[in-house]
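The values are calculated or read from the model by the stated rules, or taken from the named source; none is laboratory data. None of the values given here were measured: they were computed from a predicted structure. Note that each Cβ is placed from the backbone with ideal geometry, even for glycine, and that neighbours are counted across all protein chains shown. Quick note on the areas: whole protein, heavy atoms, side chains included, nothing else; ligands and nucleic acids left out. Shrake-Rupley method; radii C 1.70, N 1.55, O 1.52, S 1.80 Å.
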Amino acid sequence: TTEIYTLSLHDALPIWNAFAPYSKFRVGAALLTKSGKVYTGVNVENASYGLTNCAERVAVQKAVSEGHRHFQAIAVVAPSAALSPCGACRQVLAEFGECVVICADSRNTRRLRIHLLSELLPHTFKL
């Protein structure tokens, strides 16, 4: 729907809130729940790189902490034409089912790539 492509992308744009002192690569994400609520996230880096949180996972954690478990779409924005969620973010999103993944270059937000999560992660880990 139009809501997926405009509201989520718009909400993901405030990437300047990202904490990226090491990579200088600021990422924003907006997660649209099935109920229509949007949760945003930005990357939060740490000197111990393994403790860094990606923008997508921050948005998921905020939504889950508020009781949401069903998502329509996630928009991810950064200054990259080749942007895509990392493997860890793909797996975290997959825990909650299929959704649309919108990747946009913050330097030109009309440059979008749209996928289903299952296209990006065709073989999810399951217990």
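With the condition being hydrophobic (A, V, I, L, M, F, W, C) and open to solvent by less than 30 Å² (accessible area, probe 1.4 Å), I'd like the strands (runs of 3 or more DSSP E) fully within region 43-127 carrying at least 1 qualifying residues.
In region 43-127, the matching strands (runs of 3 or more DSSP E) lie at 71-78, 100-105.
In this structure, is Gly87 on the phi > 0 side of the Ramachandran plot and not hydrophobic (A, V, I, L, M, F, W, C)?
Considered against the rule, which asks whether it is on the phi > 0 side of the Ramachandran plot and not hydrophobic (A, V, I, L, M, F, W, C), Gly87 comes out as no.
Name the single residue, out of those in region 1-12 being within 16 Å of Pro85 (Cα to Cα) and either at pLDDT 95 or above or among the aliphatic types (A, V, I, L, M) (or both), that is least open to solvent (accessible area, probe 1.4 Å).
So the residue we want is Ala12.
In region 40-54, which residues are touching a Ser or Thr at 6+ places or on another chain (Cβ under 8 Å) and within 17 Å of Ala104 (Cα to Cα)?
Within region 40-54, just Asn43 meets the criteria.
In this structure, does Arg110 turn out to be among the charged types (D, E, K, R), free of Cβ contacts under 8 Å to residues at least 24 places away in the same chain and at negative phi? It would help to see each step written out before you state the result.
Values: among the charged types (D, E, K, R): yes; free of Cβ contacts under 8 Å to residues at least 24 places away in the same chain: yes; at negative phi: yes.
Answer is yes for this residue.
Look through Ala47, Ala81 and report the one residue that is closer than 16 Å to Phe25 by Cα, of a type in the set (A, V, I, L, M, F, W, C) and modelled with pLDDT under 95.
From the options Ala47, Ala81, the qualifying one is Ala81.
Kindly check whether there is at least one residue in region 20-37 that is more than 13 Å from the chain's Cα centre (by Cα) and part of a strand (DSSP E or B).
no
Tally the residues that are farther than 15 Å from Cys86 by Cβ and of a type in the set (A, V, I, L, M), restricting the search to region 43-69.
Number of matching residues: 3.
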